[in-house]
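Report on one structure; see the data block that follows.
The values are calculated or read from the model by the stated rules, or taken from the named source; none is laboratory data. Every value quoted in this text rests on a predicted model; they were computed, and no experiment measured them. Here Cβ is always computed from backbone atoms with ideal geometry, including for glycine, and neighbour counts include all displayed protein chains. Each accessible area value is taken on the protein alone, full model and side chains, heavy atoms only, with ligands, DNA and RNA left out. Shrake-Rupley method; radii C 1.70, N 1.55, O 1.52, S 1.80 Å.
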Amino acid sequence: MNELNYQMDLLKAMNQKLTAKEKMYTMICEASNCAYLYFSFEKNQIVTIGRWREFFDFDIADIKDVNRVFDEMEEEYTVPLRDVIFLEKSGKGISAMECKHKDGKGWYSFRTTVDYDNLGNPQDKLIVVENTTRIKTQHEELIYMAHYDTMTSLYNRNYFVTLLHDYMKKAERERSVISVMVIDIDDFKKVNDGMGMLAGDELLQLFGAFIKELTRENVFACHLNNDVYCIAIYDPSIDCNVEQIHKMIRRRIADEFVLSNKQSVKISVSIGVAEYPEAASTPLELINCAEIVMYRCKSAGKNMMKYFDASILNDFLKNIELDNKLREAAFHNNFELYYQPQFYTGNKKLRGMEALIRWKDEDNNMISPNVFIPIAEKNGCIIPIGDWVIEESIRTFAGWREKYKTSGILSINISAVQYNKTDFVDSLLLVIRKYHVDPGMIEIEITESVLIEDFDNVIDKLKILRSHGVRVSLDDFGTGFSSLSYLKKLPIDTLKIDKSFIDTVLSDSATRIITESIINMVKSLGIESIAEGVEEQAQYDYLHAIGCDMIQGYLLGKPQTAEEIEGLLNG
Ligand code: C2E
Ligand code: MG
Ligand code: MG
């Protein structure tokens, strides 16, 4: 009896131990966020453990029920899934597979482990089911982001470059050509500034969607950056080449893009084209060549397409060289100022002089401001250069005033970038005060390019300058958008009629009519007129006759060094 009791206690203790272990395993399974299917082939038994009922709304009592799991999965996964789950087809170790639920309940992963006896017969099998929807979605998002631009759903720059690289290899093997078109929306900034960033983004999406329509088997496209798109055509053919695509783009942009708020936008584009292998041998170089040509289109007036050729690259490289040299020169102030006299037309008395910058590079080459000022405006050097011009010209002018008791006016050219700096007015006034010059003797020359920026702000600054007595002159009139009507709104003292008018004023009656109306108009507004680039006596006589107030040009005086000007002042 004692023996029996002892055996009973032992069994109880073992049972308790077993229940405790079972409890522990059940808890682990519950906590793991997975569902488990356990098969015992020896006992022909099947058990579901863990979160099974959260994934499937049925239990599995029999091995035949396993088919219900397959039925819930997408058709294409059924066969391999059965293969994994049917034991006899499983290999040793762990096999896994990912399946999508038919009813859109997401993704499940199935992992199996099989246990074999000494003879290699399967004994048990455990299938772990896990909901992988979140990981799968994140993974898909990552893959999408790695290939596509989220704004336009075109390829992104990186993936486009990778594709282009692969196509270049193919083109090398097959001795074919790849054309790359870089397309930039002209004046996109105006849309963004004028209509708001949301409208700008929508326009980029609409244009991107149109670019996507142009893609096909051998044509792929990307959103390169901001308002720039790129199309590559592998092995262009008669019905699919740059000209064809260009035609389609022109046809599309002839119509407006209509935004969701019903506003419509008309755009133009500048397109640069470069071809592999002619222009470059790597994807980035090829895109770069097309970009350089696209910028050429911009500076040649926008709304056009140009093809890459070697001379464009040479010019570009020269500009880079110039750019570097210019930075160096700006750092050391390796510039000189020349002064060109201006005269009253009536009595030919000296009215004043215009300071004109000169740059001699280290090889003693004289580089024209027409060449280097635009580069300085782009690379930011115009700020130190412009500051130097202001300080140096006013300092020199103050010296002449002191020495020769002259009473002329000093005109200083101010670039738009310089004018738009917030501290421009203050720093100019500071220099004027520093050299004790009467502000009325200083005249700044601005061009119409200044007015493209925030018009009201530009006008406010002009008013402040004039309230301090500084004079304002509008330079190169006739070369920009030159509307006579806006002159009324401009607080200026002087208007400089561009040399291009003076060149043809005697030979072309239309130019004569315009020149005469400009002079009459400004006279009625109390603004003085100066004719620029007067080279011939006949031009002078004509300008005198029609009432042009002042003359500047080689006929009466070329730009001269400070020493030469001193000679003029002394005499
Ligand atoms: P601009 O202000 O219109 O200056 C007049 C230009 O016409 C000067 O060219 C002058 O030398 C030239 N010129 C004057 N009379 C005649 C003539 O009778 N015949 C011919 N063929 N040319 C004449 P320059 O000195 O080469 O300057 C070119 C432009 O560079 C200037 O045009 C101005 O826009 C810019 N610039 C010059 N100096 C500066 C400066 O210090 N700062 C800034 N921002 N721009 C400057
Ligand atoms: Mg000028
Ligand atoms: Mg001018």
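Note on the range 106-225: dipole from Cβ charges, positive end direction compared against LEU163, ASN131, PHE210; the farthest Cα belongs to LEU163. Which helices count as membrane-span-like in the chain under these terms: full DSSP H, at least 27 Å along the axis by C-alpha, Kyte-Doolittle mean of 1.0 or more? Qualifying helices, which must be both long enough and hydrophobic enough, do not occur.
Take the Cβ atoms of ASN67 and ASP239, set R0 to 41 Å, and the FRET efficiency comes out at 0.20. Distance from the C-alpha centroid of the range 335-400 to that of the range 420-477: 16 Å, rounded to the whole angstrom. Could you sort out which of LYS189/LYS489; LYS405/LYS488; LYS434/LYS496; LYS212/LYS262 sit more than 32 Å apart by Cα distance in this structure? Distance filter (> 32 Å) returns LYS405/LYS488.
Taking the protein heavy atoms of the range 12-70 in the context of the full set of protein chains, the accessible area attributed to carbon and sulfur is 53 percent at 1.4 Å.
Between THR19 and ASN118, the FRET efficiency from the beta-carbon distance, with R0 = 35 Å, is close to 0.70. Note on the range 1-72 and the range 168-235: Cα centroid distance 60 Å, given to the nearest whole angstrom. Each Cα pair under 8 Å and six or more residues apart adds its separation to the average, and for the chain the resulting relative contact order is 8 percent.
For LYS306, the lysines whose Cα falls under 20 Å of its own Cα, not counting residues fewer than eight places away in the same chain, are LYS247, LYS298, LYS318. The length gained on full extension between MET151 and GLN138, counted as 0.36 nm times the residue separation minus their Cα-Cα distance, comes to 2.8 nm.
Across the range 309-339, the residues whose backbone nitrogen lies under 19 Å from the label position 7 Å along the beta-carbon direction of ASP363 are 311-330, 334-335. Can you list the residues of the range 50-67 with backbone N under 12 Å from a point 7 Å past the Cα of GLU98, pointing along Cα to Cβ? Backbone N within reach: none found.
Only aspartates and glutamates eight or more places from LYS136 in sequence, or on another chain, were considered; those with a Cα closer than 13 Å are GLU98.
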